[in-house]
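The values are calculated or read from the model by the stated rules, or taken from the named source; none is laboratory data. From a predicted model like this one, the values you see are computed outputs, not experimental measurements. Heads up, the Cβs are rebuilt from the backbone with ideal geometry, glycines too, and the neighbour counts pull from every protein chain shown.
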Amino acid sequence: MIRLKFLILVVMCLVVRAEEEEKKDHNGAEHKALCDVLKAAATKWGNGGQGLSESLRSALAHTIFGKDGNQNLHHLIGGGLPVDYKKGISGSSRVYLCGLPRKENEYGDKLQMRFPGHSALHDLLCVCTPGPLGWPLNGTGGKTSKDKLCGQEKDTFLKSGKQGWDSIGNGEKQMEETWKNITLPC
């Protein structure tokens, strides 16, 4: 009887441990929410926002393209990662583009081209691109190799090693993969 109780205890411990190692989809809910908003906006935008009230057209354009963005879905879908992310100017790090709120005339002579809330596309890129050294998909901090980021396995982003978007010159490949595999499908 003691052996049976011990065996049950061991099996229960193994089941609990196995559940802890299940996949985690980092930013999965955030990705879904942003993607749903973007899909709805693009559907409503239709053929260049024609036939929409000016206020709705303006709100949809801001959601999809950002302030003063090129308002052409075909151009956006057909093009690659926007050039603003590739610029090697001082201050184009992830923190500057994704973490700092927009402040006019606050960053010296640098023009903050992208910022949190710039557009749903921009926010998807910020939320769904792996960070420094490929975090959270690089297996550090108790994360497993089974984890996902915005519904994608690590191979989507980390084919060329543990890299990610953090500072100037780092993470362009991961940004391009995020743009192609996550942002554009939305």
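Restricting attention to region 90-123, which residues are among the acidic types (Asp, Glu) and at pLDDT 75 or above? Don't jump to the end; show me each part of the working.
So the first thing to find is which residues in region 90-123 are among the acidic types (Asp, Glu), and the list is 104, 106, 109, 123.
ASP123 - this is the single residue of region 90-123 that is among the acidic types (Asp, Glu) and at pLDDT 75 or above.
Which members of region 44-69 meet the condition of being within 21 Å of the chain's Cα centre (by Cα) and either free of Cβ contacts under 8 Å to residues at least 12 places away in the same chain or outside any helix (DSSP H, G or I) (or both)? Break it down into steps so the answer makes sense when it comes.
From region 44-69, those within 21 Å of the chain's Cα centre (by Cα) are 60-67, 69; that's our starting set.
Scanning region 44-69 gives GLY66, LYS67, GLY69.
For region 127-170: of the residues being among the basic types (Lys, Arg) and either within 23 Å of ASP84 (Cβ to Cβ) or assigned to a loop (DSSP other than H, G, I, E, B) (or both), which is modelled with the lowest pLDDT?
Here the answer is LYS143.
Out of region 171-186, which residues are touching a Cys at 6+ places or on another chain (Cβ under 6 Å) and in a loop (DSSP other than H, G, I, E, B)?
CYS186
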